[in-house]
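Engineer: One structure follows; several queries about it will come next.
Since every read-out is calculated from the coordinates, none of them should be taken as a lab result. Being a predicted model, the structure only gives us computed values, none of them experimental. When we count neighbours, we look across all protein chains shown, and the Cβ atoms used for this are built from the backbone with ideal geometry, even at glycine.
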Amino acid sequence: MGTAIEKSKVVEKTTSRLWNAMHRYNPDAQPTVAVSGEGSWFTDEEGNKYLDGVSGLWCLNLGYGRQEIADAAAEQMKKLSYFPLTMNHQPAVELAGKISELLGASYQTFFSNSGSEANETAFKIVRQYHNQTGNPGKYKFISRYRAYHGSTLGALSATAQANRRVKYDPGVPGFLHVYPPYSYRSIFGEDPEESDLKAAQMLEEMIIWEGEETVAAFIMEPFISGGGVIIPSNKYIQRVSEICKKYNVLLIMDEVVSGYGRTGKMFGFMHAEGVQPDIVTMAKGLTSGYLPLGATAVKSEIYDVFNQEGKDNHFRHVSTYGGHPAACAVALKNIEIIENEKIVDRVHELGETKLGKLDQLIDHKNVGEVRRVGFLLGLEMVTDKQSKTPLDDSKMGEIVGKCKQKGLIIGKNGDTVPGQNNVIIIAPPLSSTEEDLDFIIETVNSVIRSL
């Protein structure tokens with residue numbers, strides 16, 4: 001009796017006092033209240049088990065219930081419960097060094113609490129850097145339509161998803177948007193690589209039209225995730241890097257989703273040979289979601305500009321909880337597991353041999369394109385292949401709902417582009433077993449083929 005009452009109180013509190021993210025008003029909706037998780041699965045308070053096919057919010061790279069990660073947090077909390085990074089603590093120093101090692105060059109890292117904060121930090125660093133290197137007019141940032149870079153006002157200004165910005169605009173001045181490398185709906189022609197390179201050319205044209213002396217940085221996800229799993233050719237990423245160097249425009253690589261193995265490389269930009277971003281932002285997979293942590297890694301030559309005499313040449317930015325000792329300890333343990341269990345190699349292999357089986361859905365009349373890299377997969381759903389008219393919201397909701405009924409949580413690109421929220425998104429934990437992946441494939445196949 002007591003257990004039932006406790007459950008009722010949890011549901012009542014969830015529905016009446018908790019403000020859920022991204023929820024349209026629906027008085028008939030039944031809340032899902034999770035109580036436990038193990039591996040790729042979580043259990044709700046009714047005892048139903050679900051495979052988390054989107055890794056929470058793209059962050060549970062190592063899945064639920066890793067005792068060694070929980071132990072790392074607990075031990076650190078007992079040893080040093082909090083310490084600000086106006087000074088130093090050992091986990092932060094060690095983690096910053098490890099991030100530089102993983103990035104393959106010399107980087108200094110500023111810690112925050114989330115991907116949004118990591119990008120906000122990058123924007124401030126970029127503007128101050130140009131100001132202190134004789135280019136105070138370089139203040140503009142360019143991002144791409146459909147990209148997502150966060151929910152805080154500066155990061156939202158870089159986010160070029162109209163549905164997310166409704167009723168929140170106008171954004172911060174100085175943010176511009178350019179055509180993405182979206183070959184499926186390209187205005188440039190049929191060849192994907194040529195289409196992508198023309199999209200890169202549009203970036204160069206914008207820099208020229210705006211005046212290179214005004215453009216500070218270009219921010220990009222290596223693979224647009226929440227905007228519809230848009231995967232460019234490697235030549236696109238390489239060409240963008242070349243353009244940025246040509247015009248002294250810093251390249252910010254948003255690895256919040258792609259980082260720490262999601263795409264079959266440690267970082268997404270590493271798919272493009274020769275590319276080394278000026279700034280790399282990260283969160284989510286940095287701790288596999290066990291504690292909040294964001295990071296902004298900056299090339300050391302950029303950092304050096306802030307080490308000059310003068311009352312305002314230092315970086316005047318602070319985060320109370322950014323780089324919390326327990327969060328850094330969790331990140332270090334998370335990275336240790338990723339390396340010891342060869343998670344990146346595993347994702348590269350199983351992304352092909354297992355999730356690659358979903359490529360066969362391209363023969364279905366409502367599947368316009370299958371896009372995937374590693375454990376990041378998108379199915380662009382259409383009414384027919386000729387018109388490419390996006391499948392309507394009710395049908396998309398039906399697919400997501402039927403998968404949930406079968407015990408699989410998947411996602412879609414909700415609240416992004418008006419009329420084009422038609423991409424099914426699958427991004428399971430990187431530690432998913434082969435049986436887990438088989439379950440995903442079988443469930444998605446059966447649901448879509450039942451349309």
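Engineer: Taking loop as defined by DSSP and a crowding limit of 15 other beta carbons within 10 Å, which GluC sites (Glu not before Pro) in the range 274-340 fit?
Structural biologist: Glu309
Engineer: Given the pairs Lys342/Lys388; Lys167/Lys265; Lys124/Lys245; Lys235/Lys357; Lys284/Lys388; Lys167/Lys406, which span a C-alpha to C-alpha distance of over 30 angstrom in this model?
Structural biologist: Going by Cα-Cα distance, Lys342/Lys388; Lys167/Lys265; Lys284/Lys388; Lys167/Lys406 fall outside the 30 Å limit.
Engineer: Given the DSSP H assignment, sum -39500 (n - 2.57) over each helix run of at least 4 residues in the chain and divide by its residue total; what's the result at 222 nm in deg cm²/dmol, nearest 500?
Structural biologist: It lands at -11500 deg cm²/dmol.
Engineer: Only loop residues by DSSP count here, and only those with at most 16 other Cβ atoms within 10 Å; note down the GluC sites (Glu not before Pro) in the range 30-62 that meet that.
Structural biologist: Here the GluC sites (Glu not before Pro) that fit, given the DSSP loop and packing criteria, are Glu46.
Engineer: Only counting other Cβ atoms within 10 Å, I'd like Glu212, Glu255 sorted with the fewest neighbours first.
Structural biologist: Fewest-to-most Cβ neighbours within 10 Å comes out as Glu212, Glu255.
Engineer: Which Rg and Dmax, in Å, describe the Cα atoms of the chain?
Structural biologist: Taking only Cα atoms of the chain, I get Rg and Dmax of 22.0, 71 Å.
Engineer: Over the chain, calculate the relative contact order: mean separation of alpha carbon pairs under 8 Å at least 6 apart, over the residue count, as a percent.
Structural biologist: 21 percent.
Engineer: Let me ask you something else. Set Lys and Arg Cβ to +1 and Asp and Glu Cβ to -1, take the dipole of the chain about its Cα centre, and tell me which of Ile410, Met220, Ala34 lies farthest positive.
Structural biologist: Of the options given, the answer is Ala34.
Engineer: With the cut-off at 18 Å, report for the range 95-172 the share of all Cα pairs above it, as a whole percent.
Structural biologist: 53
Engineer: Can I ask one more? Using the crude model of +1 on Lys and Arg Cβ and -1 on Asp and Glu Cβ, and no other charge, please compute the dipole size for the range 3-149 relative to its Cα centre, in debye to 20.
Structural biologist: 820
Engineer: Also, quick follow-up: At a 10 Å Cβ-Cβ cut-off, how would you order Arg144, Arg239, Arg24, Arg316, fewest neighbours first?
Structural biologist: Placing the least packed residue first, the sequence is Arg24, Arg316, Arg239, Arg144.
Engineer: When a footprinting reagent is the concern and you count Cβ atoms within 10 Å, what order do Ile69, Ile208, Ile424 take, fewest first?
Structural biologist: Taking fewest neighbouring Cβ atoms as first place, the list is Ile208, Ile69, Ile424.
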